[in-house]
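Right, one structure below, let's go through it.
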Amino acid sequence: MDTSIKKTEFTSVGTPPNSIKSILSTGTRPTQANAFSASVTFGWRALLKIKHVPEQLFDATAFPIMFTLMFTYLLGGAIAGSTGEYLQFLLPGIMAQTVVMITVYTGVAVNNDIRKGVFDRFRSLPIWQPSVLVGALLGDAARYTLASGIVISLGMILGFRPEGGAPGVLMAVLLLLVFSFSLSWIWTAIGFIARSQESLFFLSFVVLFPLTFASNIFVDPQTMPSWLEAFVEVNPVTFLVMAMRGLMHGAPEVEGIGITLAISAGLVAVFGPLTMYLFRRKK
Amino acid sequence: MNRMENLNPAIEISGLTRYFGDVRAVDGIDLTVERGGVYGILGPNGAGKTTLIRMLATLLQPSAGTAKVFGHDIVSEARTIRKLVSLTGQFASVDEDLTGRENLVLLGRLFGFSARQAKIRAGDLLNGFGLIDASRRQVKTYSGGMRRKLDIAASLVVRPELIFLDEPTTGLDPRSRNQVWDIVRALVSEGTTVLLTTQYLDEADQLAGSIAVIDHGKVIAEGTPAELKRSVGTSILRIHLKNKDQKVKAKEVVALMVNSDFTEDTDPFRISIHVEDADEASHVISALVNASVEVSGFSLGQPSLDEVFLALTGQPVKTESGEDE
Ligand SMILES: Nc1ncnc2c1ncn2[C@@H]1O[C@H](COP(=O)(O)OP(=O)(O)O)[C@@H](O)[C@H]1O
Ligand SMILES: [Mg+2]
């Protein structure tokens, strides 16, 4: 029998391996990460997750591509007379819908972390605790920007020509980010209490489908029956899309922008503290 | 750590209680854990081990009572405690989507290391724990033992003064279990205090200097492993008979020699009894042979958790399938 094997077997029962001892004795304690760098680190984690689980971007890209092509070519002629013209009308709304739909992943990520115990580890660290959430939202901002970029590129290939030029498009994307960022807080709050990922997705379906379809994204609300029009007229997504269209086509609508910002502020004011409450409440 | 703190025990728990609705998960626990060494919390599933540890690690607030870690209150000084302790939970709390290396770099950054320092530290830990070959793979591809090692490594990115290990070897194969034991011993030899929960008396005996046995959220016994085993009977002798018709006769012979009760044994070919030591065991065996009871084999082992419970509470362990979140 090989004696060296015997020897390692002995150490495994008796004295602890020196490699581990030396790790422990050299472990220096750095000065603590501040709130900013902790948040950025969590943002980096979110980006790593996009890299390792690119499927989460699939939703963000497949749907808008499908919707844009389907609505433009299938219905564009009927609705707006020509596909080219319809695309000018549709694209800002499709971009809004895409990003609004993927806000639910913020909650899904939080929910996963809680169920898998990862959250416990982060909560037991001596860091500014909300940086976990801020970092996640930073990661979301990256996802939203990526998704917006994909939609706009597709649009340009198909013939979308924003009259507002690059500045108009950028402003529209910025407004969309603000709105989606605010909307994310709802999902984070629900992510804390949802029993499973499935229930979260179901809830998002129930909330986000009416919000995005019963809006001015696909058709002019004036063509709708009056009861539906009444809903569409107060739907936050309607204001968002109104504002984005204005910005992209070089005719900013102060009303749409103002109301969108006000709704965003309202969402943060309500769901921000609620989320923080749920976060601090030790289950 | 300043000198004042050095005077305090690692953990002082007084009347600590936690309810979940009607369930008293932890029901008025008093304990003191001195610095250095391993303190074992032994108890069956549902005894309240995880709840206790989560309160001490500042993840859960007590319903009543107080606890201090190195003299700091777990409620009002939670943040100070978080600088001194690490928790390795019952279920691996590493990010499965990330690689092993990314997990450790992430924690290093959160502890305040620069990007470069965090990478070096992650590399050292991966080497030390024998995970370097798997370091660039996503954690979801790891085996249970590898995950557990990574999870412990994640608790050592910065050396803690006190580490909580919640059932660190449950579900591991014997080889991985031995590796985890080695890690625990290395931690102790470097001066870290370890609070470990387990369902195995054997494990507590191997590692811990003191043990508290808990059941239904209460401490039902406390002491060194030797004291605990003495209260139960040092060892358990199991004798396998060739012929089950001789069980009654064998019991008669053994009862004359040993001053303790038989433990329940449903196997018709086997009798089990507590003996003081190996000497007494050998006397019992030879007495059986002299009485011409045919023995096909025997073993001398430590009492199982069930037997400890039976001895301490007079009741067998009631395990609960309900798990924590
Ligand atoms: N979050 C929770 N909600 C409700 N009951 C819980 C929760 N966590 C634990 N319990 C209950 O508390 C008791 C103790 O559980 P636990 O501390 O997990 O025990 P152990 O870790 O010893 O197995 C069990 O009855 C368990 O069902
Ligand atoms: Mg447990």
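The separation of region B:158-181 from region B:105-127, counted between C-alpha centres, amounts to 21 Å. With both labels modelled 7 Å from their Cα along Cα-to-Cβ, the residue B:255 to residue A:265 distance reads 8.8 nm.
Relative to the longest principal axis of the Cα atoms of chain B, the long axis of helix B:174-189 lies at roughly 60 degrees.
Across region B:235-301, C-alpha contacts under 8 Å between residues 6 or more apart give a mean separation that, scaled by the residue count, equals a relative contact order of 52 percent.
Alpha-carbon geometry of region B:235-301: the Rg and the Dmax are 10.3, 28 Å, given in that order. Seen against the Cα atoms of chain A and their longest principal axis, helix A:254-280 is set at about 30 degrees. Panel order for A:143, B:121, B:116, by other beta carbons found within 10 Å of each beta carbon, from fewest to most: B:116, A:143, B:121.
Take the Cα gyration tensor of the protein assembly as shown, multiply each eigenvalue by 5, square-root it, and list the three semi-axes largest first, rounded to whole angstrom.
61, 26, 23
Here region A:124-150 and region B:63-102 have alpha carbon centers that stand 23 Å from each other.
For residue B:27, the residues whose modelled amide H falls within less than 5 Å of its own, excluding neighbours fewer than 5 places apart on the same chain, are B:18, B:218. Look at A:182, A:226, A:196, B:189 and count the other Cβ atoms within 10 Å of each Cβ; fewest to most, that gives A:226, A:196, B:189, A:182. The spacing between region B:215-272 and region A:85-116, judged by their C-alpha centroids, is 64 Å. Rounded to the nearest 10 degrees, the inclination of helix A:83-102 to the longest alpha-carbon principal axis of chain A is 30 degrees.
Look at B:31, A:47 and count the other Cβ atoms within 10 Å of each Cβ; fewest to most, that gives A:47, B:31.
Measuring nothing but how far apart in sequence close Cα pairs (under 8 Å, 6+ apart) lie, relative to its length, chain B scores a relative contact order of 20 percent. Aspartates and glutamates near residue B:119 by alpha-carbon distance under 15 Å, same-chain residues fewer than 8 away left out - which ones? Reachable aspartates and glutamates: B:102.
The numbers here are math on the coordinates, done by the rules we state, and not lab data. Because the structure is predicted, anything quoted here is derived from the model rather than measured. Here the Cβ is made from the backbone with ideal geometry for all residues, glycine too, and neighbour counts use every protein chain on show.
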